[in-house]
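Accompanying notes for the structure given below.
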Amino acid sequence: MSEATASPEAVPTPVETVIIGAGPVGLFQIFELGLLGIGAHIIDSLPQAGGQCTELYPDKPIYDIPALPICGAKELIDRLLEQAKPFHATFHLGQEVTEVQVLEDGKFHIATSAGTRLIAGAVVIAAGVGSFQPRRLALPGVEEFEGKSVHYRVKSAADFHGRDLLICGGGDSALDWTVALCGKARSLTLLHRRAEFRAAPATVARMRDLVSAGKMQFVEGNATGLRRDNDRLLGLDVRSADGRELQLSGDAVLAFYGLHPKLGPIADWGIELEKRALKVDTEKFQTSIPGIFAIGDINTYPGKKKLILSGFHEAALAAFAIQHHLFPEKRQFLQYTTTSPIMQKRLGVAGVESDAHSGGI
Ligand SMILES: Cc1cc2nc3c(=O)[nH]c(=O)nc-3n(C[C@H](O)[C@H](O)[C@H](O)COP(=O)(O)OP(=O)(O)OC[C@H]3O[C@@H](n4cnc5c(N)ncnc54)[C@H](O)[C@@H]3O)c2cc1C
């Protein structure tokens, strides 16, 4: 498995398949394609793989994954990544797929927000409920400062060292970064609308200790405006929980108000939609555009159930359909991983069983 870096000027890279979405179902698609000898590039707007499992409920147990009576959501993703490892998919994380265009030869041009450009023989959309976008600071003029002094994620912690930092939010990201950057930022203020937090209690306790020690301040209230001197950020205007108007100084704002899913560009690719989901058949899980498949929460068909289990089944059948799409002349037959030497070779386990037997009692 390798992580790719984007270079905006690069000519598009030819690849066999592109999977849009690295949630549980997209990850399993790597595996199912790999078993059939088909390589994949996988793209996700989030900086890490896992989709809803990692983003929304990493520590919650899942009870309906076959043969795993109980499995943490993050653990499931780690297992899927491990299972897909032999197939060396290329990961393009932290970038949204903005364009999927059908070319004259039936292939697809895929472009991302980070400038990655690929030409693929087939595309699998495993985009779940859409790409997760950070909830923005809802203040007039904020767009002028976004990416400069107002940020929704930390790319490099060092960017905030020595700054007068205002952190907004009450979840794990806000509290984790408050604790991590306190002492490194020149000054640090945490702003949250109430004194109760959704973050881990131990981190909240650590933050309160830092406040008691005079190393940072906590303000209970809501941001009402940006304080600026032309294009220089000076801080935030805040209405405190007890109704006072405050002016907080800061030259950098980190706002962690959570993420919301957005169907976004997928709606513009000319694929038939039904109630904001992609219509597919239940033989190939192909969309209205031949060569573009859709699996997992993003698709719809009679009887669809948005379960991880259903997405796994869809990935298996889509892999066969993709094989046929890419190599129509190739004869298809079902092989078992238990007995197929070619699949075992692809999995990197060829000879393991015979070695085990020869070394056994
Ligand atoms: C709290 C909670 C508990 C749940 N419990 C269970 C359970 O017990 N059992 C069960 O079966 N299911 C459960 N589910 C549902 C399950 O999580 C989903 O069915 C599953 O995550 C769907 O997987 P997916 O890969 O299709 O999509 P997702 O997990 O949504 O992943 C899609 C990925 O695609 C990315 N993406 C979308 N658009 C783009 C784009 N344009 N460019 C780049 N990337 C893009 C997104 O960023 C995301 O990472 C639960 C869901 C929640 C919220």
**Complete:** From highest to lowest solvent-accessible area (probe 1.4 Å; ligands, DNA and RNA excluded), Ile70, Ile30, Ile119 read Ile70, Ile119, Ile30
**Prompt:** Projected area of the chain, taken from the Cα convex hull and averaged over every viewing direction, in nm²?
**Reply:** 23.6 nm²
**Relative packing of peptides 312-321, 97-106, 256-265 - highest average C-beta neighbours within 10 Å first** = 312-321, 256-265, 97-106
**Prompt:** What's the angle, to the nearest 10 degrees (0 to 90), between helix 73-84's Cα axis and the longest principal axis of the chain?
**Reply:** 40 degrees
**Item:** Where segment 78-171 is the region considered: accessible area per residue in Å², 1.4 Å probe
**Value:** 43 Å²
**Request:** Output the antiparallel fraction of DSSP beta bridges having both residues in segment 133-285, as a percent to the nearest 5.
**Result:** 50 percent
**Prompt:** Counting alpha carbon pairs within less than 8 Å and at least 6 residues apart, what relative contact order, in whole percent, applies to segment 187-345?
**Reply:** 11 percent
**Fill in**
With Cα coordinates, the longest principal axis of the chain makes an angle with the long axis of helix 24-35, in degrees rounded to 10, of 30 degrees
**Asked** Taking the mean number of other Cβ atoms within 10 Å as a proxy for protection, how do you rank 219-229, 324-334 from highest to lowest?
**Response** 219-229, 324-334
**Message:** Viscosity 0.890 mPa s, temperature 25 °C: give me the Stokes-Einstein translational D for segment 49-185 in µm²/s, with Rh taken as the Kirkwood radius over C-alpha pairs.
**Reply:** 132 µm²/s
**Message:** Which one, Tyr152, Ile125, Pro24, projects farthest toward the positive side of the charge dipole computed for the chain from Cβ point charges (K/R +1, D/E -1)?
**Reply:** Tyr152
**Request:** Kindly identify segment 115-259 as rounded, prolate or oblate by the Cα gyration tensor criterion: order the square roots of the eigenvalues as a ≥ b ≥ c, call it rounded if a/c is under 1.5, otherwise compare a/b with b/c, prolate if a/b is larger, else oblate.
**Result:** prolate
**Fill in**
When the charge dipole of the chain is computed with +1 on Lys and Arg Cβ and -1 on Asp and Glu Cβ about the Cα centre, the Cα farthest towards its positive end, among Gly235, Pro12, Ala255, belongs to Gly235
**Prompt:** Between the helical axis of 201-212 and the dominant principal axis of the chain, each derived from Cα atoms, what acute angle in degrees is found, rounded to the nearest 10?
**Reply:** 20 degrees
**Prompt:** Hey, could you pull the Cα Rg and Dmax for segment 33-117, both in Å?
**Reply:** 15.6, 48
**Message:** Across segment 223-310, what fraction of all alpha-carbon pairs, as a whole percent, falls in each successive 10 Å bin from zero upward?
**Reply:** 14, 28, 14, 11, 23, 10, 0
**Request:** Just order 46-53, 291-298 by mean Cβ neighbour count inside 10 Å, highest at the front, would you?
**Result:** 291-298, 46-53
**Message:** With +1 on the Cβ of every Lys and Arg and -1 on the Cβ of every Asp and Glu, and nothing else charged, how large is the dipole of the chain about its Cα centre, in debye rounded to the nearest 20?
**Reply:** 660 debye
**Complete:** Interchain or sequence-distant (5+) residues whose placed amide H lies within less than 5 Å of the amide H of Val124 are Val18, Ile19, Ile20, Phe293
**Asked** What number, rounded to the nearest 500 deg cm²/dmol, is the helix-based mean residue ellipticity at 222 nm of the chain, given -39500 (n - 2.57) per DSSP H run of at least four residues and division by all its residues?
**Response** -7000 deg cm²/dmol
**Message:** Tell me the per residue accessible area of segment 196-301 using a 1.4 Å probe; a whole number in Å² is fine.
**Reply:** 52 Å²
**Request:** Pop out the carbon and sulfur fraction of the accessible area of segment 267-314 as a percent, whole number, probe 1.4 Å.
**Result:** 52 percent
**Message:** Given a 1.4 angstrom probe, I'd like the percentage of the accessible area of segment 121-176 that is carbon and sulfur, rounded to a whole number.
**Reply:** 48 percent
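The values are calculated or read from the model by the stated rules, or taken from the named source; none is laboratory data. Owing to the predicted nature of the structure, the values given are computational and were not obtained by experimental measurement. Glycine also receives a Cβ, built like all others from the backbone with ideal geometry; neighbour counts cover every protein chain displayed. We work out accessible area using only protein heavy atoms, side chains counted, and drop any ligands, DNA or RNA first. Shrake-Rupley method; radii C 1.70, N 1.55, O 1.52, S 1.80 Å.
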